[in-house]
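The values are calculated or read from the model by the stated rules, or taken from the named source; none is laboratory data. Predicted model only: the values in this text are computed from it and were never measured. Backbone-built Cβ (ideal geometry, glycine too); neighbour counts: all protein chains shown. Each accessible area value is taken on the protein alone, full model and side chains, heavy atoms only, with ligands, DNA and RNA left out. Shrake-Rupley method; radii C 1.70, N 1.55, O 1.52, S 1.80 Å.
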Amino acid sequence: MLNSMIALLNTTLRMATPLILAALGGVFTERSGVINIALEGIMLISAFMAMAGSYLTGNPWLGVLTAIIFGILVSLIHAILSISLKADQIVSGTAINIFATGLTAFLLRVMFESAGQSPSVTDVGTWTIPIINDIPIIGDVLGEQIPFVYIALILVAISYWVLFKTPFGLRIRAVGEHPAAADSVGINVIKTRYIAVLISGFFAGLAGASISIGLLDVFVENMTSGRGFIALAAMIFGRWTPQGALLAALLFGFADALQMLAQSIGLDFIPRQFLLMLPYVLTILALTGVIGSSEPPAASGEPYEKE
Amino acid sequence: MSNQNSLAVDMQGITKRFPGVLANDNVDFQLKRGEIHALLGENGAGKSTLMKCLYGLYQADEGDIFIYGDKVKINTPNVAINKGIGMVHQHFMLVQPFTVAENIVLGSEPTKNNMIDMKKAIQDVEKLSEQYGLNVDPRAKIHEISVGMQQRVEILKTLYRGADILILDEPTAVLTPQEVHELIEIMESLTNEGKSIIFITHKLKEVKSIADRVTVIRRGKSIDVVDTADATTNELANMMVGREVILEVEKSAAEPGEVILEVENVHADNDRNLPALNGTSFQVKRGEIFGIAGVDGNGQSELAEVMTGLRKLKSGKIMINGKNITNYSTRDIIESGVSHIPEDRQKRGLVLDFSLFENMILGSHYKPPYASGVNMNYSSIKKESKRLIKEFDIRTPNEEVLAKSLSGGNQQKVILAREFNRNPELLIAAQPTRGVDVGAIEFIHKRLVEQRDAGKAVLLISLELDEILSLSDRIAVIYEGKIVDILDIKDATEEKLGLMMAGAESETVVEGGE
Ligand SMILES: Nc1ncnc2c1ncn2[C@@H]1O[C@H](COP(=O)(O)OP(=O)(O)OP(=O)(O)O)[C@@H](O)[C@H]1O
Ligand SMILES: [Mg+2]
C-alpha cells in the first residue's frame, strides 16, 4: 500500500512536469495581455525537435537546446501575428496548432520514413539528489527524477520572483492590465509583450522536450495530446500565478497518475474517463467562480493600438 | 533648470491632423514658470490633443516645442518625463488591481538587488504625499479608493517622476465640490514650490478663482491669451464659443401635473454588498424637474441604477405611470417611457469600439425604423445619426468614426442625443453636463427645460449644487441612502442644502438659522 502511494506521488510529479512548464509560459504571456493557445502546438514541435536533436547529435541536452530554440522561434511567429499585425490571437494560436500537427507528422515521415513513431533516442535520464534521496518516503518521491522535474520546480520559484518582485514583472503585469497606462509612464508595450511571448516559447519548448526525451525516449505523432490546453487550464485554475499554476498542475498530474495506477492494478470503480475529465471540470468551476473567483488580466487578448 | 528662461513651455505653430479632422491648427501656447495657466475651449476644440503632443503621446505634424528655452523633439512620454513634464489624463491611467504605490512607481521603480524596493517606494510615496498634503494610503488598491483619491495618485505619479511642469486635463470634472476645493489647494501648494501648471477645465468659476492666465482655443486654433483678472466669466464664455452665451437658465414657473414616478421605500446594496439605499421614497410629477442633491456616494448612483433596471432592489417598489416596474428588465423600463443619461459615459453610456451611428440607436436598435424584422436598417440609422449630430452639434468628421475617437465632451453629447431622441416620459439625467463646455451646457439645460415644459418629467441627479439650484423645481436631498427632505425651489438656498447634504434635518436647519 505504502509502495503504491509512493509510486502514485512519484508519477504525479512526472506527469505534472510538462504541465507546470507550459503553464508557467502561459502565465507570462497572459499576464502581458497576449493569449497564447499555441502552447499546444509549440510543445508538439519542440517535442519533435528535442527527439531530432538527440537523434542527430546523440546528446539529449543538445536536443533540449534545439527544443528551446524552436519553441522561441514558433512563439515569435505568434508574437508577430498577434502583437505587430494585430491578428486575432485565438486564430493565430489555432493556426499554429494545426501547422504543428502537420509539420511534425511530415518531418517524421521525411526523417524516418515511418508513420506514427520515431526510433528511440537517448533521453536525459534521471538525476539523483544526494541528501534528499536518503530521506525515507520523500527520497522515494523526490530523490531520483527526470531532470525536468527539478528544472520545473526551480523555474516556478524564479518565475514568481520575476513576476512579483522585479520591475520587469510589474511592467509585464501593467501592460496586461492597462497598456495605455503603461505607455503613458514610458513603458514600451510592444517590446514588453514580445518578450513575454518569447518567454512563453522558452517554457513551451522545455515542456515539449520534457515529454519526448524526459518522460519517454521517442517522438510519437501528436504526443502532446492536449497537454498545452490542460496547462492553460492549470494557469487559469492557478489564477495566473506561478505558484497557483504549480499546485493546479500537480492536482491535474495526480488525476493522471491515479488514472494510470487504477488501470495498471485493474481498479475500475471510477471510470478512467472521469479522472481524465477532472482538469477540465475543475477549470470550469474555477472560471465560473464556484471555487474562488478568478479574473484574467483586464487587457487579455486585446492588441494595443497607440492612437 | 540651468536655463533661466522665463517660459517653462513654448509651443509654436503646432498642427495635428487626424483622419478627417484638423485637431490643432497652427496653435501657439506659452506657459510661464510658476504660473497656473488655464486652457479653455469647447468640446473637441483640441485641448487634450495639444497636451498629448506636449506629453509625447501624439506627435505634432508641424510646429516646435521648447522646454525652458531648449528645442525638444518629444516623441515618447519618456522624453517628456525626462524633461520634467507630467500629465494627469482626462480619463485616468491607473492599473486597477495594483496598489497606489505600485501605480506611482511603475516605470521608474526603485530597486535593491534587482528587486523592486517596495519599502522605499512606500516611504517615498508617503513622504511626497505628506509634503503636498495629499493624504493617500500607498498600500490601498486602486479599486478600493474614491475617484478623488485616484486623482491624487495621478498627481503623485507625476511628482514622483520629478515633474515641475504639470498638465491637468479636466481634473475637476469627476470631483465633488469638496474635492475640487482640496485640489485647488494642492495646485496652489505646487506652484508655491515653483512648479508650473496647465489646467484644463470647462468651469469658468474655477478658472477665475485659480488661473493666472487663460489661453482660449476654438476649433483647433488659439484665439486669445488673457490675464484672468482682465476677463469676466461671461467674456471668457463668449471667447470660447464665439457667440453670446447665457450662463443662467431661463425658465418659467413649473406647472406640475399628475405623478409619473413613485419610488417607495427602496432598499438596495452597492457593489460591495453594503446597503446603499435605505428606504428611499419620493414622487416625481409631470411638468417638473426634480433634482436630487447630495454628496457623492450617498446612494445617487445606485438610485439611478435601480430605476433603470441595472441594479436589483432588495425591497420596495417603483411605479411609472401607475405601472409597477420593480425589478423589470432595462428594456421593459425603456419601453415604459424612461430614458437614462448615465453618470459614467464610458462605462454605461457608450460602446467605445462601436461607430457613432451604432451608439446613436442602442436601446432602440430592435425597433422600426432602425430594424425591420431581424434586419438592421442601416440607411435610416445613418440618416437619423446625421440629423442628431447636427442637432446636438457633435464635433466629428462623420457618423462612421468609432465613439472612442471623439473628445470627452462630444462622447457625452452622443449619449444625450440618443436619450432625448427616445422622447421619454421620464428622463433620468445623472451628471448630464459632466465634461461638456459652457455652450453645450446652455443647450442641454434648455433641452431639459423644454422637456419639462412639454409635460414630461425630468429627474436630475447632480453633484453640482449650482446646476441643481438653477434647473430644479423641487429638490430632494439624499443622505446615506435616504431622502432627508424635499424642498421647493423657492425655499432652497445653497447654505440650507449644504447643511442637509451633511445630514441635518430641514427643521433643525431652520431652527439653527433662527
Ligand atoms: N485618436 C483620435 N483619432 C481621431 N480623432 C481624434 C482622436 N483624438 C481626438 N480626435 C479628434 O480631434 C478633435 C480634438 O479632440 P480633443 O480630444 O483634443 O478635444 P478637447 O478639446 O480635449 O475636447 P473635450 O473638452 O471634449 O475633452 C476632436 O474632433 C476629436 O474627434
Ligand atoms: Mg479633452
Requested in this report: Test B:ARG387 against the stated conditions and say whether it is of a type in the set (D, E, K, R), open to solvent by 60 Å² or more (accessible area, probe 1.4 Å) and either away from ligand 1 (no atom under 13 Å from the Cβ) or more than 22 Å from B:ALA23 (Cα to Cα) (or both).
Outcome: yes
Requested in this report: For segment B:268-283, enumerate the residues that are part of a strand (DSSP E or B) and farther than 26 Å from B:GLN451 by Cα.
Outcome: B:ALA268, B:ASP269, B:PRO275, B:ALA276, B:LEU277, B:ASN278, B:GLY279
**Report entry** Of the criteria (1) in contact (Cβ under 8 Å) with a residue 40 or more places away in the chain; (2) open to solvent by 30 Å² or more (accessible area, probe 1.4 Å), which one A:ILE135 fails
**Finding:** (1)
Query - Residue ranges of helices (runs of 4 or more DSSP H) in segment B:391-476 with at least 3 members open to solvent by less than 20 Å² (accessible area, probe 1.4 Å) and within 16 Å of ligand 2 (Cβ to nearest atom) - result: B:408-421, B:438-453
Query - Test: B:GLY56 is touching a residue at least 24 places away in the same chain (Cβ under 8 Å), open to solvent by less than 20 Å² (accessible area, probe 1.4 Å) and within 13 Å of ligand 2 (Cβ to nearest atom) - result: no
Requested in this report: Could you check how many residues of segment B:60-87 are buried (at least 16 other Cβ atoms within 10 Å of the Cβ), more than 10 Å from every other protein chain (Cβ to nearest Cβ) and within 16 Å of ligand 1 (Cβ to nearest atom)?
Outcome: 2
Report task. Determine which member of the set B:TYR366, B:TYR370, B:TYR378 is in contact (Cβ under 8 Å) with a residue 12 or more places away in the chain, open to solvent by 30 Å² or more (accessible area, probe 1.4 Å) and not assigned by TED's automatic domain parsing to the domain that holds B:VAL21. Result -> B:TYR378
Query - Matching residues in segment B:189-214 - criterion: being farther than 19 Å from B:SER6 by Cα and more than 15 Å from ligand 2 (Cβ to nearest atom) - result: B:SER189, B:LEU204, B:LYS205, B:GLU206, B:VAL207, B:LYS208, B:SER209, B:ILE210
Query raised in the report: Looking at segment A:65-111, which of its residues are of a type in the set (Phe, Trp, Tyr) and surrounded by 16 or more Cβ atoms within 10 Å (Cβ to Cβ)?
Result: A:PHE70, A:PHE99
Query raised in the report: Within the set of pairs 6 or more residues apart or between chains, which connect a residue that is not assigned by TED's automatic domain parsing to the domain that holds B:ILE441 inside segment B:405-418 to a residue that is hydroxyl-bearing (Ser, Thr, Tyr) and within 10 Å of ligand 2 (Cβ to nearest atom) with Cβ atoms less than 9 Å apart?
Result: B:SER407/B:SER48; B:SER407/B:THR49; B:GLY408/B:SER48
Report summary line: Scanning segment B:88-112 for residues that are more than 19 Å from B:VAL125 (Cβ to Cβ) and in a strand (DSSP E or B) gives none
Query - Exclusive hit being away from chain A (no Cβ under 14 Å), in contact with a helix residue (DSSP H, G or I) (Cβ under 6 Å, 6 or more places away or on another chain) and farther than 30 Å from A:ILE158 by Cα, set B:VAL125, B:VAL214, B:VAL207, B:VAL180 - result: B:VAL214
Query raised in the report: Can you name the condition, by its number, that B:ILE142 falls short on among (1) within 14 Å of chain A (Cβ to nearest Cβ); (2) in contact with a strand residue (DSSP E or B) (Cβ under 6 Å, 6 or more places away or on another chain)?
Result: (2)
Report task. Return the total of residues in segment B:1-45 being within 15 Å of ligand 2 (Cβ to nearest atom) and either surrounded by fewer than 22 Cβ atoms within 10 Å (Cβ to Cβ) or within 14 Å of chain A (Cβ to nearest Cβ) (or both). Result -> 4
Report task. Sort out which residues of segment B:284-323 are acidic (Asp, Glu), at pLDDT below 95 and either touching a Pro at 6+ places or on another chain (Cβ under 8 Å) or in a loop (DSSP other than H, G, I, E, B) (or both), and write them in order of number. Result -> B:ASP296
Query raised in the report: within 16 Å of ligand 2 (Cβ to nearest atom), in contact (Cβ under 8 Å) with a residue 60 or more places away in the chain, surrounded by 15 or more Cβ atoms within 10 Å (Cβ to Cβ) and within 14 Å of chain A (Cβ to nearest Cβ), is that true of B:LEU350?
Result: no
Query raised in the report: In segment A:133-176, how many are within 14 Å of chain B (Cβ to nearest Cβ) and among the aliphatic types (A, V, I, L, M)?
Result: 8
Requested in this report: Would you be able to say whether some residue in segment A:178-187 is open to solvent by less than 10 Å² (accessible area, probe 1.4 Å) and either away from chain B (no Cβ under 14 Å) or polar (S, T, N, Q) (or both)?
Outcome: yes
